[in-house]
1. Jot down the radius of gyration and Dmax of the chain, Cα atoms only, both in angstrom.
2. To the nearest whole percent, what portion of all C-alpha pairs in the range 10-83 is separated by more than 18 angstrom?
3. For the range 148-192 and the range 102-137, what is the centre-to-centre distance using only Cα atoms, to the nearest Å?
4. Among the listed pairs LYS80/LYS145; LYS18/LYS52; LYS87/LYS170; LYS8/LYS37; LYS52/LYS170, which are separated by more than 18 Å between their Cα atoms?
5. May I ask you to sort TRP200, TRP124 by Cβ crowding, counting other Cβ atoms within 10 Å and putting the fewest first?
6. Between LYS73, LYS11, LYS166, which gets the highest mean-square fluctuation from a Gaussian network model of the chain, Cα cutoff 10 Å?
7. Scanning the chain for helices, which whole DSSP H stretches are 30 Å or more long along the axis (Cα) and average -0.5 or more by Kyte-Doolittle?
8. Give me the one-decimal nm value for the distance between modelled label points at GLN154 and GLN167, 7 Å along each residue's Cα-to-Cβ direction.
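Just so it is clear, none of the values below were taken in a lab; they were calculated from the coordinates. Quantities reported herein were computed from a predicted structural model and do not represent experimental measurements. Cβ: placed from backbone, ideal geometry, glycine included. Neighbour counts: every protein chain shown.
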Amino acid sequence: MTESKAEKTEKRLLAYAKAEFMEMGYAGANMRTIAQKAGMTTGAIYRYFHDKNALFAALVGPTADEIMQHFEKLARFQLKMLEQNNKIEELAESSDGLLQVVDFIFSRFEVFDLLINRSAGSAWENYMDSLIEHDLASTQAYLEKMVQMNLLAQTPLPRHLAILVKQSYKQVLEIVASQMSREEALEYMQLLIPFLYAGWSTILRKNTSEEEAT
C-alpha cells in the first residue's frame, strides 16, 4: 500500500529524532535541531507529536511493549518446564535461554540503548526498573511453585530476592550499558552464564539442604 505524504513525513521525522536521541540522549535532544534536520519547522513537528516525550515514546514504545511480552513468554516457558521436568534447569538449558535473550537484545539493540543509556529525563527512564519488578513477580511465582513441588524448602526473603533479581538483570544488560559488540557479548556470556547459574543453584540447593538437615 502506498504511503501517504503524512506517513512519509512522520517516518522521516522519526529517523532524524532517533539520530538526535542516540547522539544527545533524551535530556540533550533539541526539538528545533530535529526539525531543522528533517526540513520542517518546530511548529510542524508538534502537529505530529505534542512534545519531545511523545516523540521519544513513538520510537521506544512499541518495542518496549514487545520486550515486556518477550520476558513474560520466557517466564511462562520456564514455569512450564519446571512443572513438566520436576527439576530446576540444568546449565545447558540456562545457557540456551540466556543466549536467546542476547539474540533478542541485538535484534532490537538501538531501542535497548535508548531505554537503558539515553532515556534520563523522559517518561521512560524507569522502564527497566519496571521490567525488573515484573520479572521479580515471575521469579517469585517460580520459586513458590518449587516449594509446592517439594523442590525447595522456602523462598528467599522478598527484599533479598529483589536484590538478587535486580543484580542479575544488571549483569545481563551490561551488554547494552557497555555498548558491547555481539562478539564481545557472547564472550562475556561465556563467563556470566555459569557464574549466575552457580549462584542461583547454590542458593536454591542450600535452602533445600538446610531444611532437610533440620
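1. Here Rg and the maximum Cα pair distance are 21.3, 73 Å.
2. Values: 1267 of 2701 pairs.
Here the tail beyond 18 Å accounts for 47 percent of pairs.
3. 15 Å
4. Values: LYS80/LYS145 10 Å; LYS18/LYS52 12 Å; LYS87/LYS170 26 Å; LYS8/LYS37 15 Å; LYS52/LYS170 28 Å.
Table pairs above 18 Å Cα-Cα are LYS87/LYS170; LYS52/LYS170.
5. Numbers: TRP200 17, TRP124 21.
Final ranking by Cβ density, sparse to dense: TRP200, TRP124.
6. LYS11
7. On the way: long enough: 52-85 (49 Å, -0.14); 127-148 (32 Å, -0.25); 182-213 (45 Å, -0.35).
In the chain, the long hydrophobic H runs are 52-85, 127-148, 182-213.
8. Using points 7 Å along Cα→Cβ, the separation is 2.1 nm.
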